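First up is the structure itself, then whatever we jot down about it.
The values are calculated or read from the model by the stated rules, or taken from the named source; none is laboratory data. Just so we're clear, the structure is a prediction, and the values are computed from it rather than from any experiment. Counting neighbours? That spans all protein chains shown, and the Cβs are built from the backbone with ideal geometry, glycine included.
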Amino acid sequence: MWPNEEQINDNILNNNSIVAKINYKSFSMLFTGDIEAIAEEKILEEYKNTNILKATLLKVAHHGSKTSTTEEFLYETKPKISLIGVGKNNTFGHPNKSTIEKLEAINSRIYRTDEYGEIIIKINNRLKLNIKTNLK
């Protein structure tokens, strides 16, 4: 889904990271890499009001930093579940409190690797979603 021919020159590595979506029957997962708000805006320009961005599960961009996961992007994706890949006690303060608040505001169930450890997602033929963590 991203990047397309139009590359972003601001924070090139993050904003041009791969955004991909997996669809399986009525389940979908949107992988957002490390994109920031500027890339989200470009993606919204292309897919807004198409339901293409809507996802059951969202891999939250850029470790949940404050530079991404805009309210407008969440409005279009409407994730029931959000995954945040982030190291425990990281020096960047990820995930940002405002990102967590935005996800909570849309009632998305949040799984964070700093709290849950490794997260395994399994979907069976009947679309039963099973998320396992190595909680201690």
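Taking the conditions (1) within 17 Å of Leu83 (Cβ to Cβ); (2) touching a helix residue (DSSP H, G or I) at 6+ places or on another chain (Cβ under 7 Å); (3) not polar (S, T, N, Q) in turn, Glu36 satisfies each one other than (1).
Checking each residue in the stretch 73-120 for being more than 24 Å from Ile43 (Cα to Cα) and surrounded by 21 or more Cβ atoms within 10 Å (Cβ to Cβ) picks out only Arg112. Which residues, taken from the stretch 1-52, are assigned to a strand (DSSP E or B) and either of a type outside the set (Phe, Trp, Tyr) or free of Cβ contacts under 8 Å to residues at least 12 places away in the same chain (or both)? Listed by number, the residues that qualify are Val19, Ala20, Lys21, Ile22, Asn23, Ser28, Met29, Leu30.
Here Thr70 meets each of (1) under 22 Å from Asn4 (Cβ atoms); (2) modelled with pLDDT under 95; (3) surrounded by 13 or more Cβ atoms within 10 Å (Cβ to Cβ) with one exception, condition (2). Taking strands (runs of 3 or more DSSP E) as the structural unit, those lying wholly within the stretch 53-136 and holding at least 3 residues that are of a type outside the set (A, V, I, L, M, F, W, C) and free of Cβ contacts under 8 Å to residues at least 40 places away in the same chain correspond to 129-133.
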